[in-house]
1. What number do you get for the range 174-278 when its Cα radius of gyration is normalised by 2.2 N^0.38 Å, N = residues?
2. Can you tell me the equivalent ellipsoid semi-axes for the range 243-285? Use √(5λ) from the Cα gyration tensor, largest first, whole Å.
3. In whole Hz, what ³J(HN,Hα) sequence does the range 273-279 give by Karplus (6.51, -1.76, 1.60; θ = phi - 60°), x for Gly and Pro?
4. Output ³J(HN,Hα) for the range 23-29: one whole-Hz value per residue in order, computed from phi by the Karplus curve 6.51 cos²θ - 1.76 cosθ + 1.60 with θ = phi - 60°, and x for Gly and Pro.
5. On the full set of protein chains, 1.4 Å probe, figure out the accessible area of Asp335 and give it in Å² to the nearest 10.
6. How much accessible area does Glu123 have with a 1.4 Å probe, in Å² rounded to the nearest 10?
7. With θ set to phi - 60°, apply the Karplus curve 6.51 cos²θ - 1.76 cosθ + 1.60 along the range 211-224 and write out the HN-Hα couplings as whole Hz, x wherever there is a Gly or Pro.
8. So, R0 is 22 Å and r is the distance between the beta-carbons of Val217 and Arg241; what FRET efficiency does that work out to, to 0.05?
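The values are calculated or read from the model by the stated rules, or taken from the named source; none is laboratory data. Since this is a predicted model, take the numbers as computed values, not measurements. For neighbour counting, all protein chains shown are included, and Cβ atoms are generated from backbone atoms with ideal geometry for every residue, glycine included. Each accessible area value is taken on the protein alone, full model and side chains, heavy atoms only, with ligands, DNA and RNA left out. Shrake-Rupley method; radii C 1.70, N 1.55, O 1.52, S 1.80 Å.
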Amino acid sequence: MPQPNAVKCLVVDDEPRLRRVLVRLLEGEGFTCAEAGSGTEALEMLQHELVPLVISDLRMPQMDGVTLLRQIIARWPTTAVIVVTAVAEVESAVACLQLGALDYVAKPFHLDEVRARVMQALEKRSLKMEVEDYRQNLERRVQEQARRIEELSLERLQALVHFLEEKDPYTSGHSVRVAAYSARIGGQLGLEQSVMETIALGAELHDIGKIGVSDVVLRKAGKLTEAEYRHIMEHPSIGARILAPLMRDVPAALAIVRSHHERLDGKGFPDGLKGDQIPLEVRIAAVADSFDAMTSLRPYRPALSVEKALQELEEGKGKQFHPPAVDAFLAAFPDLSALPVRRCARFISPHSPTHAAPPRPRIRLSA
């Protein structure tokens, strides 16, 4: 139960005599009281100092007690309001209870009734605040738990991507290199760290949809048929469907998964997006993905040299690739020998003494 001597109270009434009667009653119970002669004056005082309890008459000029009650409930919902009414206006007082007042007292005042009503209102206020605090903390805990579950799920999917790549000698390390290239491009473009982490996350998971693509088609040694090519190009959509429930808070990373095969000229997959319809994060990852794919050995073709791959990027500027992203990639690697690319069938490991390991993207799910 609240301690009366610790509670401040604002008494609002346009009649000074009646106001003073209430103040004397409350101060005799240990309350600290302030007075206001109108609803307007009461609102001004509350703006400067919030109090836990307001006792207000219903009938006042300028602003009546009902209007004051609505204002307090809307602006300071933790303040308890008791309305004061004549015996003949009890129906009005009951209507105020429905609006949010915690209790009412009737004129003429009786000390025991005022004391009981005030203490009951403060107890209701305390309980209401406890319930609200519990609700907010519960929501926070639920959100934190849901976020942690999503993070753990994404971490498992990252591990799955690496496992699947390691099983295939042609794609081993692809996602990590694409994430590292993307981060370097973003750094050259002056993007914020949080944006680069989002790009790295999307880049690392961009090919997860290949889980749903036939291994026979993925590892086919000869030229792909049109049907086989379109089957492989289903992997962005498959990946987006897999990750959509887990990446609600990082839509840019999810866009990389779905759209990394889009082209500026609109001839890409799966949605035929053009130009600025393709998010910047996707345009960056697309350059990194294409370069690594071109410089990696595939069952159906040999790896391109670094020089030839860079030439392909240059020739694709404005048609397939975002020109600033291509330029940023070139600026990020002035020493081409430092690129962690595959050379023919031999992979220069990013963990070798010559090459620093690319940073593993840190999962961030908060907006």
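1. 1.12
2. So the equivalent ellipsoid measures 19, 10, 7 Å along its semi-axes.
3. 5, 10, x, 6, 5, 8, x
4. Karplus-based 3J(HN,Hα) across the range 23-29 equals 4, 5, 4, 6, 5, x, 9 Hz.
5. 80
6. 80
7. 4, x, 9, 4, 4, 4, 6, 4, 9, 5, 7, x, 5, 6
8. 0.70
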